[in-house]
Amino acid sequence: MKYAVKIVQEGDAFLVSARDLPELNSVGYSLEEALSEALEGIETVFMMYMDDRKMIPLPTDQEDGEYLIHVPVLVASKIYLYNEMLDQKVTKAELARRLGGIQKNADRLLSLKHGTKIEAVEDAFKALGKELKIQIA
């Protein structure tokens, strides 16, 4: 999963925005810092969507002049899981029930900051009747 971002220099600052995530607003004081801050900003926007129980927009194709920001595979898998839960109208409590656990575990499963084992994410997809597949590109 890679999101395209636009970086515009204004004075000493490099401002980061994304078509797919209009809430993204990151800044760096070099191009390298702006690119690094972009991922942190993207993850923050993901958490905003999750707090508001809104579907997280998936990335579209890169356009001229944009940079691609790679989202780590664990975070990406949690985004797909979260979106699938919304699509199926499955709450965290219901997911926890289907997994035979407590809601605290479902909270951790969807936390972008928690180092969840990928097997746990895979089990959650199975509980939703889906299969997590990894592809090499």
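The values are calculated or read from the model by the stated rules, or taken from the named source; none is laboratory data. What you see is a predicted model; the values in this text were computed from it and never measured. Ideal geometry is used to build each Cβ from the backbone, glycine not excepted, and the neighbour counts take in all protein chains shown.
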Scanning region 11-30 residue by residue, those closer than 14 Å to residue 69 by Cα and of a type in the set (A, V, I, L, M) turn out to be 16, 18, 21, 24
Which residue pairs have Cβ atoms under 9 Å apart, sit 6 or more places apart or on different chains, and have a first residue in region 24-46 that is at positive phi and free of Cβ contacts under 8 Å to residues at least 12 places away in the same chain and a second that is surrounded by 20 or more Cβ atoms within 10 Å (Cβ to Cβ) and among the aliphatic types (A, V, I, L, M)?
none
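Which residue out of 32, 122 is in a helix (DSSP H, G or I) and in the same structural domain as residue 8 (by TED's automatic domain parsing)?
Details: 122 fails: in the same structural domain as residue 8 (by TED's automatic domain parsing).
That would be 32, the only listed residue that is in a helix (DSSP H, G or I) and in the same structural domain as residue 8 (by TED's automatic domain parsing).
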Return yes when residue 68 is in contact with a Pro (Cβ under 9 Å, 6 or more places away or on another chain) and either in a loop (DSSP other than H, G, I, E, B) or surrounded by 12 or more Cβ atoms within 10 Å (Cβ to Cβ) (or both) and no when it is not.
yes
Per the list (1) closer than 18 Å to residue 123 by Cβ; (2) in a helix (DSSP H, G or I), residue check on residue 46 breaks on (1)
Determine which member of the set 58, 24 is assigned to a loop (DSSP other than H, G, I, E, B) and touching a Gly at 6+ places or on another chain (Cβ under 7 Å).
24
Hits in region 45-82 (condition: among the charged types (D, E, K, R) and assigned by TED's automatic domain parsing to the domain that holds residue 21):
51, 52, 53, 54, 61, 63, 64, 66
